[in-house]
Amino acid sequence: MGLTKQYLRYVASAVFGVIGNQKANIAFVTLRGGEKGRYVAVGACEHVFIWDVRKAEKVLILEGKKHEVTYLCPSPDGVHIAVGYEDGGVRIFSLLNGESNISFSGHKSAVSVIRYDALGARLVTGSRDTDVIVWDIINECGLYRLKGHKDAITQILFLESKNLLITSSKDSFVKWWDLDTQHCFKTMVGHRTEVWGMVLLNQESRLITGSADSELRAWDIQYIEEGKEVGEPQEKKVRTLLENEEDDEEGLDEEPEERILSCKKAGSVLREARDRVVSLVTDAKAKVLACHVSIFHNFVSSFGRPNIVVSPLQEVSSFVRSTLQVIRTMGCEYALCSLFVPGDRQIILGTKSGKIQIFDLASGSLLETTDAHDGALWSMCLSPDQRGIVTGGADKTVKFWDFELIKDQDSGKNKRLTVKHTRTLQLDEDVLCVRYSPDQRLLAVSLLDCTVKIFYTDTLKFFLSLYGHKLPVLCLDISHDSALIATGSADRNVKIWGLDFGDCHRSMFAHDDSIMFLQFVPKTHLFFTAGKDRKIKQWDADKFEHIQTLEGHHREVWCLAISPNGDHIVSSSHDKSLRLWERTREPIILEEEKEMEREAEFEESLAKGDEPVVPGETKGEAEPAGKKTIETVKAAEQIMEAIELYREESEKLEEHRAACKAAGKESNVFYIFPSVIYHYILWVSLILSTVFLFSELEVSLLVLPFPYVPDLLKLFNGYVQQGLEVELVCRCLFFLLRVHFGQITSNQMLLSVIDELRTNTISKVREIRDVLGFNSAGLQFLQREIESKEDVMFFADATDRFEEKKRKRRKRERAVLTVT
């Protein structure tokens, strides 16, 4: 039996070359009591970078997982920052140590806005899925989901004094929500286009809104206290709000009766700019209003396939393969391809205008610009003997160039590098890609007519034509032994050909979008492909197998480079980032890779599925905050396994008791069957606690079938009696009672259990409340004692008073210096 082929795994190592992405906002933060306005947080792909704007240095990295950052919001106390992601998740990081201990998952698409309340205890998030979710940060769970908008949420504002919420959306509506009743009581329809920004002025008595048109609208807010009278029944209040909502739905022209507040248009301000509003902000005293306007710059090229990371200013940067720091940045034309000259002292660029530019890396200066092609220069390749290059362009020609050293006219003494045109190969179609065979015997040319032509290098005579792709071949490469050629096309397929007869060995569906780059690993028949589907894949050209998928980029992957020993890969993407991948010693088992891909597909299907529905409840404006994920499904399965184990141990216990009773003996449960108590406490308690940390406890219990609920209620009763995890048990108990109320109340066997739970929970909750009250009173007493002795204030007031004393002392010192 022969040895099986072993593949080694590549893993992500570093992300560099990116300062911040365009999707996320920026936010000023405070680090360890530092100066305000000095540190700024920006989204950088899946990470968050904290920059010192004075020193232009990166001081902290908040590491994400795999989804791109879309929104940032610091907490009111400045200790934490909430980060929203492309997949709809939210994570809260500590700015003291950079760790994340709280995460929420409730949205189906990217988080578009995040807002804290004044105390920092609640978090409200809006998403492109049109939903608004209110989260409880202290209990690490979702409170409810507010539905009503028809397009992405753009802004959220809190009215702290009235416990109200204002939301704006791309559906041109501004909605007012009462968080006490979780209902929308007012919808503003005075905008003709998408509402992008809002801000409150004059102590929450005026609202300014900005939309896609050039008008900033001002609205006066007047609160009607009669609408929220003290002692008014909650049912009457909800009925009133529902009546208002029905009036809004019947006709927009008819002004409904105001119950809580009135919001009428007071005027407008016309902007000079015609671009849409991005955001509206005010200073601390609300005297200055700043309007951020969007300006777009589009850069488009044929096939969209530049082979180098190019900024809008057309710059090329060089990095070190050890510190990942940029060592040189050089301004250039729109670059489409590049390569290092042997010796790594110069770099050659091919531009969209058809020019060849040579740069010196030591000085960063442009040595020479040569007109090479009449159209875009799409591809260039270094000859295997390292004496020249070959280029292919949109003018239907392939040109050969030799390296030469000539005298520098500026210095007169030194010599500089140049390229000399030697031969030209005229073709019938635009040239998209050119490659030498490693033995320099053949030249492969990809044409716009979807074919690849093979020519002899010495005589330029035609040798083979490779046809079979339905769309143009955008990339190709030849193996180290010049035996195989692999081609990647815009038709999303990879074809492997033999260079002896030009026969197609295998055609494989490789990516979900155009394949932009392909390269063999040196001295192997393994190769990597990069595509517009944001993925990098590894393949075996001998066994025609997919080995591994590298995911991490958030936009199209344009190109990649493999180190000579194959241990490192560097990839560049349209997300403005460069990523370093390292080869480990961990072997890859293909069956496990396929299983992981199936699990990822299952997780995506869950994310696109329906939201969890509570039985017996109709869909309205308020719904549960959680969503069904692979974690919640696995957690529910673990709970069921624990309950089944409890059933088995309980049956064994009953059998033991019956046997002891028949023999006339007395059984010692704790001695003979300790596993019953062990699994009863350890398995169920720890599993539920683990689920609770995922903030998806309610969704996991909602997935749990009802036949497991009676046993779970009996376990809850035992937990409460022993005082174990009383708060967690009460949360689970109340949710199960609300979800399965009809089935539980109709089951006569559960009446005694419910009655015991009622008695035990009330007594235990009272005990916990008394303990918390006693501890709180004791801490307050100790605080007063220490403050009276040392004359200092604890907690929030301590820092403010200390800073105030420092400012006063500085003023006195300045006054003394002025007098002297």
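The values are calculated or read from the model by the stated rules, or taken from the named source; none is laboratory data. A quick note: this is a predicted structure, and the numbers were derived from the prediction, not measured. Glycine gets a Cβ as well: all are built from the backbone with ideal geometry, and neighbour counts include every protein chain shown. Just so you know, the surface numbers come from the protein's heavy atoms only, side chains and all, with ligands and any DNA or RNA stripped out. Shrake-Rupley method; radii C 1.70, N 1.55, O 1.52, S 1.80 Å.
So which residues in the range 198-215 are in a strand (DSSP E or B) and not basic (Lys, Arg), if there are any at all?
First, the residues of the range 198-215 that are in a strand (DSSP E or B): 198-201, 206-211, 215.
Hits for the range 198-215 are 198, 199, 200, 201, 207, 208, 209, 210, 211, 215.
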So how many residues does the range 51-90 have that are closer than 13 Å to residue 124 by Cα and aliphatic (A, V, I, L, M)? 4
Report yes if some residue within the range 753-773 is polar (S, T, N, Q), open to solvent by 60 Å² or more (accessible area, probe 1.4 Å), at pLDDT 85 or above and assigned by the TED database to the domain that holds residue 717; otherwise report no. yes
Among the residues that make up the range 672-681, is at least one of them part of a helix (DSSP H, G or I), touching a helix residue (DSSP H, G or I) at 6+ places or on another chain (Cβ under 9 Å) and modelled with pLDDT of 80 or more? no
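Does the range 1-50 hold any residues that are assigned to a loop (DSSP other than H, G, I, E, B) and touching an Asp or Glu at 6+ places or on another chain (Cβ under 7 Å), and which are they?
First pass over the range 1-50, keeping only residues assigned to a loop (DSSP other than H, G, I, E, B): 1-6, 17-25, 30-38, 45-46.
Those that are assigned to a loop (DSSP other than H, G, I, E, B) and touching an Asp or Glu at 6+ places or on another chain (Cβ under 7 Å): 21, 23, 38, 45, 46.
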Collect the residues in the range 51-69 that are touching a His at 6+ places or on another chain (Cβ under 9 Å), open to solvent by 70 Å² or more (accessible area, probe 1.4 Å) and in a strand (DSSP E or B), keeping them in residue-number order. 61
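Using the structure shown, decide if residue 72 is open to solvent by less than 10 Å² (accessible area, probe 1.4 Å), over 23 Å from residue 158 (Cβ atoms) and in contact with a strand residue (DSSP E or B) (Cβ under 9 Å, 6 or more places away or on another chain). Can you show your working first?
On the way: open to solvent by less than 10 Å² (accessible area, probe 1.4 Å): yes; over 23 Å from residue 158 (Cβ atoms): no; in contact with a strand residue (DSSP E or B) (Cβ under 9 Å, 6 or more places away or on another chain): yes.
It is false that residue 72 is open to solvent by less than 10 Å² (accessible area, probe 1.4 Å), over 23 Å from residue 158 (Cβ atoms) and in contact with a strand residue (DSSP E or B) (Cβ under 9 Å, 6 or more places away or on another chain).
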List the number of the failed condition for residue 373; all other conditions in (1) open to solvent by less than 50 Å² (accessible area, probe 1.4 Å); (2) touching a Lys or Arg at 6+ places or on another chain (Cβ under 9 Å); (3) of a type outside the set (D, E, K, R); (4) closer than 18 Å to residue 331 by Cα hold. (4)
Checking residue 72 against (1) modelled with pLDDT of 90 or more; (2) outside any strand (DSSP E or B), only one condition comes out false. Which one? (2)
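Condition test on residue 524, is it surrounded by fewer than 16 Cβ atoms within 10 Å (Cβ to Cβ) and of a type in the set (S, T, N, Q)?
Numbers: surrounded by fewer than 16 Cβ atoms within 10 Å (Cβ to Cβ): yes; of a type in the set (S, T, N, Q): yes.
So residue 524 passes the test.
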The range 774-799, residues that are modelled with pLDDT under 75 and surrounded by 10 or more Cβ atoms within 10 Å (Cβ to Cβ): 792, 793, 794, 797, 798, 799
